[in-house]
1. Could we say that Asn106 is farther than 21 Å from Ile36 by Cβ and free of Cβ contacts under 8 Å to residues at least 60 places away in the same chain here?
2. Inspect region 13-31 for any residue being part of a strand (DSSP E or B), closer than 25 Å to Leu270 by Cα and small (Gly, Ala, Ser) and give the result as yes or no.
3. Which of the following residues is surrounded by 15 or more Cβ atoms within 10 Å (Cβ to Cβ) and within 20 Å of Gly155 (Cβ to Cβ): Ser58, Ser80?
4. Write out, first by first residue and then by second, each pair whose Cβ atoms fall under 8 Å of each other, whose residues are 6+ apart or on separate chains, and whose first residue, in region 117-144, is part of a loop (DSSP other than H, G, I, E, B) while the second is surrounded by fewer than 17 Cβ atoms within 10 Å (Cβ to Cβ) and acidic (Asp, Glu).
5. How many residues does region 67-81 contain that are modelled with pLDDT of 95 or more and out of contact with any strand residue (DSSP E or B) (no Cβ under 8 Å at 6 or more places or on another chain)?
6. Name every residue in region 1-21 that is touching a Lys or Arg at 6+ places or on another chain (Cβ under 9 Å) and surrounded by fewer than 18 Cβ atoms within 10 Å (Cβ to Cβ), in order of residue number.
7. Can you tell which of Asn56, Asn66 is among the polar types (S, T, N, Q) and assigned to a loop (DSSP other than H, G, I, E, B)?
8. Which of the residues belonging to region 263-292 are touching a residue at least 40 places away in the same chain (Cβ under 8 Å), out of contact with any strand residue (DSSP E or B) (no Cβ under 9 Å at 6 or more places or on another chain) and part of a strand (DSSP E or B)?
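The values are calculated or read from the model by the stated rules, or taken from the named source; none is laboratory data. If you're wondering where the values come from, they're calculated on a predicted model, not measured in any experiment. Positions of Cβ are backbone-derived with ideal geometry, glycine not excepted, and every protein chain shown enters the neighbour counts.
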Amino acid sequence: MDEEERKLYLKAGKAAANALKIVKEKIQVGMSLNEICEIAEKEILNNGAQLAFPCNVSINNIAAHNTADFEVIEYIPANSVVKIDVGASCDGYLADTATTICFNRNFEKMDEIAKKALKYAIDSIRPGMKTSEIGKIIYSYAKANGFKVIKNLSGHSMKRNLLHAGKSIPNFDDASQEKIEKNEVYAIEPFLTNGYGMVEDSDLIRIYSLKAPPKVKGLKNSDFIYKIWKERLYLPFCLRWYKGRVDLKELMKDFEILLNKNELIGYNVLVEYGNGIVVQEEHTIIIDNDDVIVTTYIE
């Protein structure tokens, strides 16, 4: 990794971290998901970065992939546990970070354990280490404190314009022999729960990404979808970003066609299988020779 790449990763990390900090300061019970997403995404843009993916706001048993809808207005309920996950991009160099806000104090301990598990994992990472060893650290600490990890959610390697670049960082010992290498970039993200320890797809999809420039002919919004490809490439996006620019209901019909043709990925909102509460903590790191740089850490 050259110095310019490192600077861009660090710039993206600072933008994402600042956005998360501002949301944590401003979020309140009764606030709409749209307002929260607008605050986070505006802050990333104001810091000279682009959006790596739509701001995720996942409440209680929802673990991931939920963002504000373009049509349905939702609000933060009382006594809820809210995960905020944001991502920034600087010329395609990415940062991904998340935290949990507990409006129900009964779940503060679970989130504190997730934070400590994340810290212990990051403190232990070194080049040549098996990814499964990182998972074992997270799992062991969670279990020792009475909580389960979400076994089918994991951290991930990142490359330029690729949020999920091939390697996974599990939250348990999955026996993988894959290893951490120098100059790689990872998002490490423990998910803890008091539920079953797995997530499943809901029927709701609010976030998408294209696999390639659209090839299907006859789409009503083919030109607009090609513009999305040029803007986003492989990075995720959501319909609310395009409100006022195109008929979103017609765009959704085109998306259904692309999903069926396997040219579009739809990220189902993920819910905990046992209806348990889920907490999440996440940082992006660079494996820099023998050091680990946390790009999304902020005081």
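1. On the way: farther than 21 Å from Ile36 by Cβ: yes; free of Cβ contacts under 8 Å to residues at least 60 places away in the same chain: yes.
Yes.
2. Step one: of region 13-31, the residues part of a strand (DSSP E or B) are none.
No, every residue in region 13-31 fails to be part of a strand (DSSP E or B), closer than 25 Å to Leu270 by Cα and small (Gly, Ala, Ser).
3. Numbers: Ser80 fails: within 20 Å of Gly155 (Cβ to Cβ).
It is Ser58.
4. Filtered contacts from region 117-144: Arg126/Asp290; Pro127/Glu181; Pro127/Asp290; Gly128/Glu181.
5. Looking only at that region, the number is 2.
6. Met1, Glu5
7. Working: Asn56 fails: assigned to a loop (DSSP other than H, G, I, E, B).
Step by step, each of Asn56, Asn66 is checked, and only Asn66 is among the polar types (S, T, N, Q) and assigned to a loop (DSSP other than H, G, I, E, B).
8. If we filter region 263-292 for residues that are touching a residue at least 40 places away in the same chain (Cβ under 8 Å), which is where we start, we get 263-290, 292.
So of that shortlist, the ones also out of contact with any strand residue (DSSP E or B) (no Cβ under 9 Å at 6 or more places or on another chain) come out as 275, 288-290.
Answer for region 263-292, where residues must be touching a residue at least 40 places away in the same chain (Cβ under 8 Å), out of contact with any strand residue (DSSP E or B) (no Cβ under 9 Å at 6 or more places or on another chain) and part of a strand (DSSP E or B): just Asp288.
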